[in-house]
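Comments concern the structure below.
The values are calculated or read from the model by the stated rules, or taken from the named source; none is laboratory data. Predicted model, so just to flag it, every value in this text is computed and none were measured. Heads up, the Cβs are rebuilt from the backbone with ideal geometry, glycines too, and the neighbour counts pull from every protein chain shown. Side chains are part of the model used for accessible areas, which takes the heavy atoms of the whole protein and leaves out ligands, DNA and RNA. Shrake-Rupley method; radii C 1.70, N 1.55, O 1.52, S 1.80 Å.
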Amino acid sequence: MDGGTAAPGTTVDGMVAVVCGGVGAARFLRALATVHPMERTVGVVNTGDDTVLHGLAISPDLDTITYTLAGAIDPERGWGLTDETWRAMGALARYAAVRPLGSTAAPTWFNLGDQDLATHFYRTARLTEGATLTDVTAEIAAAWHVPQRLLPMTDHRVATMVTLIAEGDDGSGGGTGVTGREVTFQEYFVQLRHSVPVSALRFDGATEATASPAARAALADAAVVVIAPSNPLVSIGPVRALPGVDDLLAARRASVVAVSPIVGGAALKGPADRMMAELGHEPSVVGVARLYAPIASALVIDPVDAHLADAVAAEGIRPVVQPSVMADPVVAADLARATLAAAT
Ligand code: FO1
């Protein structure tokens, strides 16, 4: 474990590692920066959402976190850059109109802003030169003057794949027997606007991949590990699917604390509540507790869920009741402080 001196407002002397998805994790890291030294914070970030479009390597969760910590995120969308322009996307529409049948050239369903494109150009060029995603992520964070250490969960390709419930199938397994279509995460999330029910998830490549050495060391050596308020299935799930990660967290679960992304039975952002229900998990803090009890000793839940604290405890994880909707900076800072306190 790391040594060091506690800064005002923090209860942790050493490193804090945060297991991250996108928007929820980015906002938690931004809050954490107000109560714990940024140089002693490391984010281990989901890359199961990563995609290649126009030949460009796109890492949405890494970019959402980088842009948020740099103060450059678009606050309404929660992804992409503020004051963005979309001229390249507009120009692409010309080619989409003449694309032959069967070609996937010039996709316009995934919006890449003119300035955001520079990040994907840089990442793609450096990966082509042989740099690892870990190297490139550090370079991009440095370019944006982000002091926190941001690590992709792996340097290997892991792709979250989503099976959609087939038309006419009620998802019970006793229906038509027809398996639904499997799509990439971004096809499900952006192209289909996460509006189609899902019947299965698969993390393609995860079993052959390894956590990057830096990510593994961060999760093993940090004084405290926080599981950010991200989707437990598609944001935290891919990190947990890497060989050895769950065992590593289970072995140190006394100093692992999770923050529930489900408040009052609804997701703070995105489809986590629906997806949990569709995949047979209770869409509540109790369902979250069940998922995290093997790897975390405490779960931060919002006061609207205080009546479920005993049910959370019955799952074998200690409930910590704390306002968790990061609506303003004071609530967010208090959440970060309480989360660290819960793990020590
Ligand atoms: N989300 C959308 O809903 N629509 C988009 O067109 C879109 C583009 C996009 C471009 C770059 C980027 O880094 C993220 C982008 N996102 C977009 C967000 C995104 O893909 C999802 O929010 C995450 O993958 C889920 O964590």
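If you take the residues in region 96-127 that are of a type in the set (Ser, Thr, Tyr) and near the ligand (Cβ under 10 Å from one of its atoms), which one is surrounded by the fewest Cβ atoms within 10 Å (Cβ to Cβ)?
Once the filter is applied, the top-ranked residue is THR108.
Tell me, which residue of region 209-236 that is part of a helix (DSSP H, G or I) and open to solvent by less than 10 Å² (accessible area, probe 1.4 Å) is farthest from the ligand (Cβ to nearest atom)? Please lay out each step first, then the result.
To start, the set of residues in region 209-236 that are part of a helix (DSSP H, G or I) comprises 213-221.
After this cut, where a residue has to be open to solvent by less than 10 Å² (accessible area, probe 1.4 Å) as well, the list is 215, 219.
Details: ALA215: 18, LEU219: 20 Å.
Looking at the filtered set, the residue picked out is LEU219.
Examine region 119-130 for a residue that is assigned to a loop (DSSP other than H, G, I, E, B) and of a type in the set (A, V, I, L, M, F, W, C), and state whether such a residue exists. The answer is no, given that none of the residues of region 119-130 is assigned to a loop (DSSP other than H, G, I, E, B) and of a type in the set (A, V, I, L, M, F, W, C).
Every test in (1) more than 12 Å from the ligand (Cβ to nearest atom); (2) of a type outside the set (Asp, Glu); (3) in a strand (DSSP E or B) is passed by ALA57 save one, and that test is (1). Flag set for VAL12, criterion: open to solvent by less than 40 Å² (accessible area, probe 1.4 Å), part of a loop (DSSP other than H, G, I, E, B) and touching a His at 6+ places or on another chain (Cβ under 8 Å).
Would you confirm whether or not region 304-314 contains a residue that is touching a residue at least 40 places away in the same chain (Cβ under 8 Å) and not in a strand (DSSP E or B)? Looking through region 304-314, at least one residue is touching a residue at least 40 places away in the same chain (Cβ under 8 Å) and not in a strand (DSSP E or B). Can you confirm whether region 77-90 contains a residue that is surrounded by 23 or more Cβ atoms within 10 Å (Cβ to Cβ), within 12 Å of the ligand (Cβ to nearest atom), under 20 Å from PRO229 (Cα atoms) and in the same structural domain as GLY21 (by TED's automatic domain parsing)? No, region 77-90 contains no residue that is surrounded by 23 or more Cβ atoms within 10 Å (Cβ to Cβ), within 12 Å of the ligand (Cβ to nearest atom), under 20 Å from PRO229 (Cα atoms) and in the same structural domain as GLY21 (by TED's automatic domain parsing). Quick check on region 30-54: of everything there that is in a helix (DSSP H, G or I) and open to solvent by 30 Å² or more (accessible area, probe 1.4 Å), which residue is nearest to the ligand (Cβ to nearest atom)? Result: ARG30.
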